[in-house]
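To start, the structure itself, in structure tokens.
Just so it is clear, none of the values below were taken in a lab; they were calculated from the coordinates. Note that this is a predicted model, so its numbers are computed, not measured. A quick note on method: Cβ atoms are made from the backbone with ideal geometry, for glycine too, and the neighbour counts reach across all protein chains shown.
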Amino acid sequence: MRSVSSRAAEPVSRGFALKALLAVITGLIGAALLHLIIVLALPSFSERDAYTRVLAEGEIFRFYRLGEKPDRAGLAKDDPFVDATVCAFDISDGPVRLTAANGGVPFWSLGVYDQSSNEVFSINDRTSAGGVLDVVIASPAQTTALRKALPQAVSQSILVEAKETAGYAVLRSLVPQPSFAGIVSQFLNQATCAPFEWRSRSRF
């Protein structure tokens, strides 16, 4: 015959087991709800990344000036003394060439990013030849083809090998005083971001 103490311990052990089971079930339900919330929120977050916002500016292979306030794509320049312009590109069918003649701007810089906003290349007027922007972005296969028979058109260009086919570029120029605004505007407005037509695209 079981003792009175052992019989009294049974409800306590059952109660502990029920509490533990309830805690496990509550944890599983909470984890499932959290997972569902994350899954539902992903599209919203993905629509706000930098690459998607640059794409929302308009067609690719074109620079778009950024203003003081966020535009319809949610982009704006982050420094009142720096003007900026952005361009999305895709090198699946061929390289892209970024150019801008230095018309006397005090300083400019270019950053090239992949779809995940990782910077893959940067340059400024101090590190470029003659302070001129002339960059060709290409895939590894395209870069090899260019180097085997470098066309005269890009003999002075800087070749940038990109592992991902899509990305965007940000061109910035310093505006230390209002008197530089016209020169900087001309520099940024004349910058080009266009497919580099060297060979037939089917050969890349």
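Which of the aspartates and glutamates could a cross-linker span from LYS163 if the Cα-Cα distance has to be under 17 Å and same-chain partners fewer than 8 positions apart are dropped?
Correct list for LYS163: ASP90, ASP93, ASP114, GLU119.
Counting alpha carbon pairs within less than 8 Å and at least 6 residues apart, what relative contact order, in whole percent, applies to segment 43-125? Working shown, then result.
Values: 89 pairs, mean separation 19.3, N = 83.
Dividing the mean separation by the residue count of segment 43-125 yields 23 percent.
Can you give the charge dipole size of segment 49-204 about its Cα centre, rounded to the nearest 20 debye, using +1 on the beta carbon of Lys and Arg and -1 on the beta carbon of Asp and Glu? Show your work: numbers first, answer last.
Details: 15 positive and 17 negative charges, 89 e Å.
The dipole magnitude comes to about 420 debye.
Could you work out the local net charge near VAL112, counting Lys and Arg as +1, Asp and Glu as -1, over the other residues with Cβ closer than 14 Å to its Cβ? Write out the running numbers ahead of the final one.
On the way: positive: ARG97, LYS163, ARG172; negative: ASP90, ASP114, GLU119, ASP134, GLU161, GLU164.
Summing Lys/Arg as +1 and Asp/Glu as -1 gives -3.
If Lys and Arg each add +1 and Asp and Glu each add -1, what is the summed charge of the other residues whose beta carbon sits under 12 Å from the beta carbon of PHE81?
On the way: positive: LYS77, ARG172; negative: GLU68, ASP78, ASP79, ASP83.
Net of charged neighbours comes to -2.
What net charge is computed for the residues neighbouring GLY167, neighbours being all others with C-beta under 9 Å from the C-beta of GLY167, Lys and Arg scored +1, Asp and Glu -1?
On the way: positive: none; negative: ASP90, ASP114, GLU164.
Net charge around GLY167: -3.
HN-Hα J couplings of segment 100-106 from phi, Karplus 6.51/-1.76/1.60, θ = phi - 60°, integer Hz, Gly and Pro as x?
Karplus-based 3J(HN,Hα) across segment 100-106 equals 6, 7, 7, x, x, 5, x Hz.
Once you charge only the Cβ atoms, +1 for Lys and Arg and -1 for Asp and Glu, what is the size of the charge dipole of segment 134-204 about its Cα centre, to the nearest 20 debye? Walk me through the intermediate numbers first.
Values: 7 positive and 4 negative charges, 54 e Å.
So the dipole magnitude of segment 134-204 works out to roughly 260 debye.
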